[in-house]
Amino acid sequence: MTIEYIKDRLTIEAVLKHYGIEVDKNGMARCPFHDDKKPSFKVYRDTNTWCCFSGNCDAETGDVIEFIGLKEGFISRLSGAVVGCKEGKYRAILKAKELLGLGDLGNPNEGNQNSLVNPVSASPPLKRESNYSETFEKLRQNINRSNRAKKYLKERGLSLGLEVGYNSGTVFSKLKSCIVFPLKDEAGNIVSLYGRSVTGDPERRHFYLTDRKGLYPNYPSPETKKLILTESIIDAATLLTITEVAEKYTVLALFGTMGLTTEHRRAINQLTQLEEIIFWMDGDEAGEQSVERYAKQLRETYDTNQQSSNPAW
Ligand SMILES: [Zn+2]
């Protein structure tokens, strides 16, 4: 868990809404830190930051965590200096986690129960992404009802007990006629879905939602020493059925031969104990080229990152 993780997910607008501050269509609001007659508080959606332009205000500029810190009185700014910085910032981070519904991060499933947000007065969910957990649970119940899906899993050597669903199209309008796999964020929440079509059309097999994010089967554990990167999600699922592999290696799916995303790279960069990366790609030309490209990209980013290592706080 890093501060970046929180900043990526908690929008400044959601935080303002939580504190009852309205933002107009120009991104302006009345500043909560001084007596603001006309909106002089600007919200920057692209960088998730804010700035007060009033000359009568000490708040200046900041990010979501600084906003929370100032608003809750955990930190203050006198003559531009941040007062109560370390302790105050820590309390602001805790509050930010609370707003995200993340309690004890060791067990993300208990997050909402540990949340100190009063369920009655709490604002609507503050997370940026849609919650696909519910959709996935419904799809998961369908897996036994589709002969085509069962046949496909059997052919791939995958068991019905795998965390997998089937979408006939009745529950969810996207990823129709697909075996559906969950994609997860760092805290283990389902943040998107991947569909593998079982219609047999070789040209149209892989389907992602437009807001694709998250990793399969999950973020690699920080203790990972040997990492296998597979070309597809199905490959990862298949590999994980081999007990020896599952015990000795961490498996992470890429999204095809062009599918090493920023999120993959960020996750891999955090693995401080990593000794080896093994590519599990198809032996065709596209597969071989991608191994070369991926290896180069990972070597560059990983080396740079490990030199200026910035471990989770
Ligand atoms: Zn102000």
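Quick check: residue separation of Arg148 and Tyr44 times 0.36 nm, minus the Cα distance between them. What number comes out in nm?
Details: separation 104, 0.36 × 104 = 37.44 nm, distance 4.83 nm.
Length gained between Arg148 and Tyr44: 32.6 nm.
State the Cα centre-to-centre distance between region 151-175 and region 193-262 in whole Å.
15 Å
As a quick test, which of the pairs Lys150/Lys225; Lys97/Lys226; Lys151/Lys174; Lys37/Lys71; Lys138/Lys184 have an alpha carbon distance above 24 angstrom in this structure?
Among Lys150/Lys225; Lys97/Lys226; Lys151/Lys174; Lys37/Lys71; Lys138/Lys184, the Cα-Cα distance tops 24 Å for Lys150/Lys225; Lys97/Lys226.
Identify all aspartates and glutamates with a Cα-Cα distance to Lys42 below 18 Å; exclude those on the same chain that are fewer than 8 residues away in sequence.
By straight Cα distance, Lys42 reaches Glu13, Glu22, Asp24, Asp58, Glu60, Asp63, Glu66.
So, in nm, how far is label Lys296 from label Thr61 when the simple model puts each one 7 Å beyond its Cα toward the Cβ?
3.7 nm
Could you give each residue of region 194-202 its phi-based ³J(HN,Hα) in whole Hz, using Karplus coefficients 6.51, -1.76, 1.60 with θ = phi - 60°, and x for Gly or Pro?
10, x, 10, 5, 10, 7, x, 7, x
Out of the GluC sites (Glu not before Pro) in region 1-99, which ones are loop residues according to DSSP with at most 12 other C-beta atoms within 10 Å?
Numbers: sites: Glu4, Glu13, Glu22, Glu60, Glu66, Glu72, Glu87, Glu98; in loops: Glu22, Glu60.
Qualifying residues, ordered by number: Glu22.
Taking H as built 1.01 Å from N, whose amide H comes closer than 5 Å to the amide H of Leu260, not counting residues under 5 places away?
Amide H to amide H, under 5 Å and 5 or more residues apart or across chains, Leu260 pairs with Phe255.
What nm distance separates the two modelled labels at Asp201 and Cys51, each placed 7 Å from Cα along Cα→Cβ?
Those two pseudo-labels are separated by 4.9 nm.
7 Å from Cα along Cα→Cβ at both Glu155 and Thr272: what's the point-to-point distance in nm?
4.6 nm
Taking amide hydrogens as modeled 1.01 Å from N in the peptide plane, which residues meet the under 5 Å criterion relative to Val191, leaving out close sequence neighbours?
So Val191 has HN proximity to Leu183, Lys184, Asp185.
Given charges of +1 on the Cβ of Lys and Arg and -1 on the Cβ of Asp and Glu, with all other atoms neutral, how large is the dipole of region 1-66 about its Cα centre, in debye to the nearest 20?
With only Lys, Arg, Asp and Glu charged at Cβ, the dipole is about 260 debye.
Take the alpha carbon gyration tensor of region 184-231, find the square roots of its eigenvalues, order them as a ≥ b ≥ c, and report rounded if a/c is under 1.5; if not, report prolate when a/b exceeds b/c, else oblate.
Values: a/c = 3.60, a/b = 1.68, b/c = 2.14.
The shape class here is oblate.
How large is ³J(HN,Hα), in whole Hz, for each residue of region 147-154 in order, when computed from phi with the Karplus curve 6.51 cos²θ - 1.76 cosθ + 1.60 and θ = phi - 60°, using x for Gly and Pro?
With coefficients 6.51, -1.76 and 1.60, one gets 5, 5, 5, 5, 5, 4, 4, 5 Hz.
Report relative contact order for region 133-307 in percent, whole number only (criteria: Cα-Cα under 8 Å, sequence separation at least 6). The partial results should precede the final answer.
Numbers: 306 pairs, mean separation 27.7, N = 175.
Computed value for region 133-307: 16 percent relative contact order.
Using a simple charge model, +1 on the beta-carbon of Lys and Arg, -1 on the beta-carbon of Asp and Glu, nothing else, what dipole does region 133-307 show about its Cα centre, in debye to the nearest 20? Write down the numbers at each step before the final one.
Details: 24 positive and 24 negative charges, 173 e Å.
Taking the Cα centre of region 133-307 as origin, the dipole is about 840 debye.
Rule-based calculations on the coordinates, nothing more; no lab input. All of these numbers come straight from a predicted model, not from anything done at the bench. Quick reminder, even Gly has a Cβ in these numbers, built from the backbone with ideal geometry, and neighbours come from all protein chains shown.
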